[in-house]
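Trainee: Here you go, one structure.
Every number here is computed from the coordinates shown, using simple stated rules; none is lab data. None of these values were measured; they are calculated from a predicted model. Here the Cβ is made from the backbone with ideal geometry for all residues, glycine too, and neighbour counts use every protein chain on show.
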Amino acid sequence: MTNIETRIEGSEKLIGIFGYWPSFHDAEVLELHFWRGDVNPDEERYIFPVLTVKLHLWEITNDVDGRGYLGTRYHTLSTIRFHDVYQFRMERFNHQNAIFALDMNHEERSEGPSPVFAVIFQPVALGVDASLTCIRIEVLDAVPCTHDGVPTS
């Protein structure tokens, strides 16, 4: 079985920071941007809907601070683009949008283009709950940021 990161364009941007493909545990969805695409058969242009998501993610360590909280490191602001999106569903977008994990599975299907990615933003208590299917996933960037998700460079 192939690791999902080998099928995601630009995955090395996140792997270079974390040393592995992150689970996105406790990450926060900061922005979602939809573009309907640009389909013009007369000009043979077929760009289907695109979703761009900005996430603040980090790694939890075993270090405990003075308040009893686990430590964090590698705070990163990452932008991920999902191409040829369909079957999008979202609930509970709010002021925090923490997720338990970002599941991305590569699956075969019986009709239409195949394989596809089945993507699920698994919510936590105050998290966005979303899912989609898409043809391609791309990590556009991954930059260091503060604990509040503000880029440091």
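Trainee: Of (i) 63, 33, 32; (ii) 65, 34, 25; (iii) 52, 36, 23, which is the value of Cα extents along the principal axes in Å derived from the coordinates here?
Mentor: Read-out from the structure maps to (i).
Trainee: Could you please report the charge total around GLY149, scoring K, R as +1 and D, E as -1 over all other residues with beta-carbon less than 11 angstrom from its beta-carbon?
Mentor: Counting the neighbours of GLY149, the net charge comes to -2.
Trainee: Residue by residue through the range 40-51, what is 3J(HN,Hα) from phi via Karplus (6.51 cos²θ - 1.76 cosθ + 1.60, θ = phi - 60°)? Round to whole Hz and write x for glycine and proline.
Mentor: Here the 3J(HN,Hα) series is 9, x, 4, 9, 6, 10, 9, 10, 8, x, 10, 10 Hz.
Trainee: Continuing with the same structure: Cα-based Rg (one decimal) and Dmax (whole number) for the range 82-137, in Å?
Mentor: In Å, with Rg to one decimal and Dmax whole: 12.3, 38.
Trainee: Determine, for each peptide in 32-43, 5-16, 83-94, the mean count of other beta carbons within 10 angstrom over its residues, then list the peptides with the highest first.
Mentor: 5-16, 83-94, 32-43
Trainee: Mind listing the long-range amide H neighbours of ASN97? Cut-off is under 5 Å, sequence gap 5 or more, other chains count too, H placed in the peptide plane at 1.01 Å from N.
Mentor: Counting only residues 5 or more places away or on other chains, the set is VAL128.
Trainee: Springs between alpha-carbon atoms under 10 Å, Gaussian network over the chain: tell me which of TYR20, TYR74, TYR46 tops the mean-square fluctuations.
Mentor: TYR46
Trainee: Tabulate in residue order the Karplus-calculated ³J(HN,Hα) for the range 74-90, using 6.51 cos²θ - 1.76 cosθ + 1.60 with θ = phi - 60°, rounded to whole Hz; enter x for Gly and Pro.
Mentor: Each residue of the range 74-90 in turn: 6, 4, 9, 9, 10, 10, 10, 10, 10, 9, 6, 7, 8, 6, 7, 9, 8 Hz.
Trainee: Nearest 0.05, what FRET efficiency do ARG109 and GLU43 give at R0 = 35 Å with Cβ-Cβ as r?
Mentor: 0.80
Trainee: I would also like to ask the following. Rounded to whole Å, give me the distance from the Cα center of the range 1-80 to that of the range 108-153.
Mentor: The range 1-80 and the range 108-153 have Cα centres separated by 6 Å.
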